Each structure stands twice: as structure tokens, then as C-alpha cells.
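Trainee: Take this structure first; my questions come after.
All of the numbers you see were taken from the coordinates with simple rules; none came from a lab. Quick caveat, the model's predicted, so the values are computed rather than measured. For neighbour counting, all protein chains shown are included, and Cβ atoms are generated from backbone atoms with ideal geometry for every residue, glycine included.
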Amino acid sequence: MSSFNPAEQLVKMDNKIVAALEKISEVFRVLLWCEAKKNNISPTQLQLLVFIKYHGSGNQSRVASMAREFNLTKATISDSVKVLEQKGLVRRIENDADSRSFNFSLTPRGEELTRRIENFSLPLDNAIAGLSGSQKEYLFCSILDLIYRLNRQGIISTQRMCYN
């Protein structure tokens, strides 16, 4: 049976959890879309701007690294970055070690836009802030365990986080 069958959700906790996670995913998607649309960029472009802001140094802002991070193809990342370049929001930085590879950084215009959009998740942040310390700890540990299990199944890539 499907986790999205309401009759199954009434009797199976696993199905209730999957449905609840889907609702949280929907909240994230809606917040991302709304902020991106307000600023005439795509949700992927928004995520890339925020990622480049906080991971622009080193090799993390290369196309291949960002493709792994967001579980997207290099072509998708390249297309998104090309549009951000055309809009004057990011610039290429030549990689001294490999002339075929580029890192990316925000332009001053990109920095200003990213400052305005990076808190798109504020409603979710505020909802989490309302939880008690022990609720946050339990939720965090449960989410990390779920991420670990999904990673072991090959569904998501390794994330830059740990149990500590």
C-alpha cells in the first residue's frame, strides 16, 4: 500500500511519517519558489547563490561539486550558473590547478540579492524555534539517522554533516 493512502495513514505510523515529511518538503518548496519568483530567478538559481555565498572558497563552488551537492546534473548546474552570470550575479574565477575548471563567486550585485533572499526559510526557522531543546535534539537525531539510512541505500549523496 502507498504511504499516501489516507486509510493506511490512519493505521500505520510509518505512513504517517512519510506523509508528514512530504508536507514539510512541500513547505520548503513553496518558500523557495515564492522567494525565487519575487526575484526573477529559478529555485535552483536561488539555492546556488546561497551555496556560493557560503561555500565560494576552495573547490566547492565548481560545477561538478555543486552538481553533487544538489544531486543535479552538471548540465543543469552549468545552465543555471550561465544565467546567473548573464544577470551579473556571479563571476567565474579561473582555477589555477585546472584551466578547464572554474570556481564561482558572487558579484557585488549577487551579494546584495543573496542577502535579501537567503532567509527564505524563515517561517520554517521560526516554527523550529518554537520547539523545546529536547524536541529539537530528538528531531535532529532522527533526521540525521534518516539521512544516513537514505545515503546507505544510495538515494542521497553524502552530506557535509555528522552526528556531532
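Trainee: In the neighborhood of ARG115, defined by Cβ-to-Cβ distances under 13 Å, what is the net charge if each Lys or Arg adds +1 and each Asp or Glu adds -1?
Mentor: Summing Lys/Arg as +1 and Asp/Glu as -1 gives -1.
Trainee: List the aspartates and glutamates whose Cα sits under 15 Å from the Cα of LYS37, skipping any in the same chain fewer than 8 residues away.
Mentor: Straight-distance partners of LYS37: GLU118.
Trainee: A further question follows. Against the globular-protein guess of 2.2 N^0.38 Å, express the Cα radius of gyration of the chain as a ratio, rounded to two decimals.
Mentor: Working it through for the chain, the quotient is 1.21.
Trainee: Report ³J(HN,Hα) in whole Hz for each residue of segment 103-116, in order, from the Karplus equation J = 6.51 cos²θ - 1.76 cosθ + 1.60 where θ = phi - 60°; Gly and Pro get x.
Mentor: 9, 10, 9, 7, 7, x, 5, x, 4, 5, 5, 4, 4, 6
Trainee: With +1 on the Cβ of every Lys and Arg and -1 on the Cβ of every Asp and Glu, and nothing else charged, how large is the dipole of the chain about its Cα centre, in debye rounded to the nearest 20?
Mentor: 260
Trainee: Hey, can you rank 15-21, 50-56, 126-132 by average C-beta count inside 10 Å, highest first?
Mentor: 50-56, 15-21, 126-132
Trainee: What's the ranking of 7-13, 36-42, 87-93 by average number of surrounding C-beta atoms within 10 Å, highest first?
Mentor: 87-93, 36-42, 7-13
Trainee: Using a 7 Å offset from Cα along Cα-Cβ at LYS53, what residues in segment 63-77 end up with backbone N under 11 Å from the label point?
Mentor: Label zone hits: none.
Trainee: Using Cα positions and a limit of under 22 Å, work out the lysines in reach of LYS12, with same-chain residues fewer than 8 apart set aside.
Mentor: In chain and number order, the partners are LYS23.
Trainee: Give, as ranges by residue number, the residues of segment 31-67 whose backbone N falls under 18 Å from the point 7 Å along Cα→Cβ of THR73.
Mentor: 44-45, 63-67
Trainee: Also, quick follow-up: How long is the gain from ILE128 to ALA19 if the chain were fully straight, where each residue apart is worth 0.36 nm and the alpha carbon distance is subtracted?
Mentor: Fully extending the segment from ILE128 to ALA19 adds 37.4 nm.
Trainee: What 222 nm value per residue comes from the helices of the chain, counting each DSSP H run with n ≥ 4 as -39,500 (n - 2.57) and dividing by all residues, nearest 500 deg cm²/dmol?
Mentor: -20000 deg cm²/dmol
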